[in-house]
Amino acid sequence: MGISRILIANRGEIALRIHRAAHEMGIETVAVHSTADADAMHVRLADHAICIGPPSATDSYLNQAAIISAAEISGADAIHPGYGFLSENAQFAEIVETHDIKWIGPKPEHIRTMGDKVEAKRTAGALGLPLVPGSDGAISSIEEAAEVAEQIGYPVLVKAASGGGGRGMKVIPTAADLASAVAQAKSEAKAAFGDDTVYLEKYLGNPRHIEFQVFGDGNGNAVHLGERDCSLQRRHQKVLEEAPSPVLSQEERQRMGSIVAKAMAEMGYRGAGTIEFLWENGEFYFIEMNTRLQVEHPVTEAITGVDLVREQIRIADGKPLSVQQDEIEFKGHAIECRINAEDPFNFIPSPGLVTTYHAAGGMHVRVDSGLYAGYRIPPYYDSMIAKLIVYGRTREGCIMRLRRALEEMVIEGVKTSIPLHEALLNEPDILDGNYSIKWLEEWLGEREA
Ligand code: ADP
């Protein structure tokens, strides 16, 4: 018997995204929600809804016991964790599986391996992925650190093995800064992640962030769905993403794509995953793997026509991949703008009542959002309230359509990042695709000056 009722252990646009894929497959959905989200769209649309706790995510969306109970009470036979929250918690994935509930995600051991950055790098290296030059695993002494840093050349980066979300890393400009930086990084990592393991990496000066979408069936078959360029970042948070990357040729895409697909096949990877690389002067350097669906997955859907959530559900249900590598074609161009409830230029959060809401529409325009007029955006969670994804046959056409779609979007009552996106789409560097991971912060700095 296949999956017939999915509990969605998330909120906001991604909960809706999963609900939509499930209903299109004839599968019922169970929403879980905190008391702050009782009126949320994901709760309204689901077939069943269960309150799992107070506003604080620790007590609700991260409350494993409450979520498992909700699954048992509602008779859900599968759990989709979305992104964030429990999506990369290997222990939770194991608990779900022990309860005879299907986990719509990778094998717990792969979540665990990739969640530890030292282990992830070791595994990626063994699978033949190109790495950022650095220490061979954790650094055990300052002497060792100094030796490695001398070898790879300054500046170097010290990173926490358990770090995440851009936290737990520090640039070390010269040898004189090494000892104090490593000591400080260790104590900060201990405080933030309960683990003071750190490692060293060459600090790349001006790279792009290019990531590959992969999919495995868990039995040794895997495909890649091309790359996404997510170089436009602020404080390591992605702002706008596009596919394909403006700097990759079809040959480079195929070459790198087959390397990552082969690695996933060898690993026996199951479900959706993203392999993140920094890219500089034509070279790829693995930084990490995310063992879940990503916020920016729709740009891949737009250029390949593959429904990634449907694919995740099928694989969790023991079905084969619905597409073979040679059936996956990359057509046209897609860009996603993350729309946050915050000041567009100083980024101060702006939760509250949405008085007016009108989503953009028209050909090749997709809005993933749980917003509606009269909705009160709670202050407790991530500030992303909508994603606008636009497709065009060419990058230029896509940008023209995206500008038009941004003009059409109306969100009143709270501040949003729409004006930031509009400003970015008038910048020659963005129009030319000529930007690295440093670009946005430099641009914001110049605006302020
Ligand atoms: P996290 O898990 O915290 O997101 P990542 O390893 O993915 O950590 O790195 C986050 C971001 O930090 C990257 O997108 C990139 O902007 C920057 N970064 C990471 N490693 C390097 C490096 N070796 N050189 C330069 N920048 C880096």
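Read-outs throughout are calculated quantities, based only on the coordinates presented, and are distinct from any laboratory measurement. Remember, predicted model here, so these are calculated numbers, not experimental data. FYI the Cβ positions are ideal-geometry reconstructions off the backbone, even for glycines, and counts take in every protein chain you see.
If you filter the stretch 247-335 for trypsin sites (Lys or Arg not before Pro), then keep DSSP loop positions with at most 12 other Cβ within 10 Å, what is left? List each step's numbers first, then the result.
Values: sites: R253, R255, K262, R270, R292, R310, R314, K331; in loops: R292, K331.
Those that pass, being in a loop and sparsely packed, are K331.
Work out from phi, with θ = phi - 60° and the Karplus expression 6.51 cos²θ - 1.76 cosθ + 1.60, the ³J(HN,Hα) of each residue of the stretch 168-175, listed in order in whole Hz, and give x for Gly and Pro.
The phi angles translate into x, 9, 8, 8, 10, x, 9, 4 Hz.
Give me H110, H48, H358 sorted ascending by neighbouring Cβ count inside 10 Å, so fewest comes first.
Numbers: H110 25, H48 17, H358 12.
Lowest count first: H358, H48, H110.
Using the structure shown, select from K202/K331; K190/K387; K107/K319 the pairs with a Cα to Cα distance greater than 24 angstrom. Let's see the in-between values first.
Values: K202/K331 35 Å; K190/K387 35 Å; K107/K319 15 Å.
The pairs that break the limit, which is 24 Å between Cα atoms, are K202/K331; K190/K387.
Distances longer than 36 Å among the Cα atoms of the chain: what percent of all pairs is that?
On the way: 26975 of 100576 pairs.
Tail fraction, whole percent: 27.
By counting other Cβ atoms within 10 Å of each Cβ, how are V410, V148 ranked from fewest to most?
Working: V410 13, V148 20.
Taking fewest neighbouring Cβ atoms as first place, the list is V410, V148.
Counting other C-beta atoms within 10 Å, which of K107, K159, K170 has the fewest, and how do the rest follow?
Working: K107 21, K159 26, K170 18.
Least to most surrounded, the residues fall as K170, K107, K159.
Check A161: other-chain or 5+ apart residues with amide H under 5 Å from its amide H, H built from backbone geometry?
Excluding prolines and chain starts, which carry no amide H, the hits are T197, V198, Y199.
Per residue of the stretch 69-75, what does 6.51 cos²θ - 1.76 cosθ + 1.60 with θ = phi - 60° give for ³J(HN,Hα)? Whole Hz please, x for Gly and Pro, Karplus curve as stated.
Working through the residues one at a time gives 4, 4, 5, 5, 4, 8, x Hz.
Output wanted: per-residue J couplings in Hz (rounded whole) for the stretch 392-399, from phi through Karplus 6.51 cos²θ - 1.76 cosθ + 1.60, θ = phi - 60°, x for Gly and Pro.
After applying 6.51 cos²θ - 1.76 cosθ + 1.60, I find x, 5, 10, 4, 4, x, 5, 5 Hz.
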